[in-house]
Amino acid sequence: MRLLWINANPNPNPGGTELHSIDFINALEEFNNIELFKVVAKGSFVDRHTSDRNKFYVSLRSEFSPANTLKLIRIARNLKPHVVVGNNGKEYLNTYMAGRLSGA
């Protein structure tokens, strides 16, 4: 299975959402039957606490972020994931669009 995990909020003050993402990402990378790709904000808490393997950089400060949403959609279309996970309320619309337009 090919999974795209999105936590691209550049918030410097991490909370439960970021910790949740890190725990899931690090656990999922242990499975041989899951091809995990990550979209994170460069230098973010999630970026600093996950491996660089299959990592892409996009910053989503809000749901309305047209340029970066297009970047996210391009990444998803190229990867053709089976599942797209958005783990931050500010990313739900962007995640939905990336998943929908990539066929996930």
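The values are calculated or read from the model by the stated rules, or taken from the named source; none is laboratory data. In this text, all values refer to a predicted model and were calculated from it rather than measured experimentally. FYI the Cβ positions are ideal-geometry reconstructions off the backbone, even for glycines, and counts take in every protein chain you see.
General observations
- Counting the residues of the range 45-55 that are closer than 14 Å to PRO10 by Cβ and crowded, with 17+ Cβ neighbours inside 10 Å gives 3.
- Filtering GLU29, GLU18 for residues that are over 12 Å from the mean Cα position of the chain (by Cα) and not hydrophobic (A, V, I, L, M, F, W, C) leaves a single hit, GLU29.
- Restricting the range 37-78 to residues that are closer than 17 Å to ILE22 by Cβ and acidic (Asp, Glu), the residue that is farthest from the chain's Cα centre (by Cα): ASP52
- When LYS42, LYS71 are checked against the criterion of being crowded, with 17+ Cβ neighbours inside 10 Å, in contact with a strand residue (DSSP E or B) (Cβ under 9 Å, 6 or more places away or on another chain), of a type outside the set (Val, Ile, Thr) and free of Cβ contacts under 8 Å to residues at least 40 places away in the same chain, a single residue qualifies: LYS71.
- Residue list for the range 1-20, restricted to those being aliphatic (A, V, I, L, M) and touching a Pro at 6+ places or on another chain (Cβ under 7 Å): LEU3, LEU4
- Candidate set from the range 79-99 (those that are of a type in the set (Gly, Ala, Ser) and at pLDDT 90 or above); member that is surrounded by the fewest Cβ atoms within 10 Å (Cβ to Cβ): GLY99
- Residue count for the range 48-64, restricted to those that are of a type outside the set (Ser, Thr, Tyr) and closer than 23 Å to LEU93 by Cβ: 7
- Within the range 3-29, being loosely packed, with under 14 Cβ neighbours inside 10 Å and at pLDDT 95 or above holds for ASP23, ASN26, ALA27.
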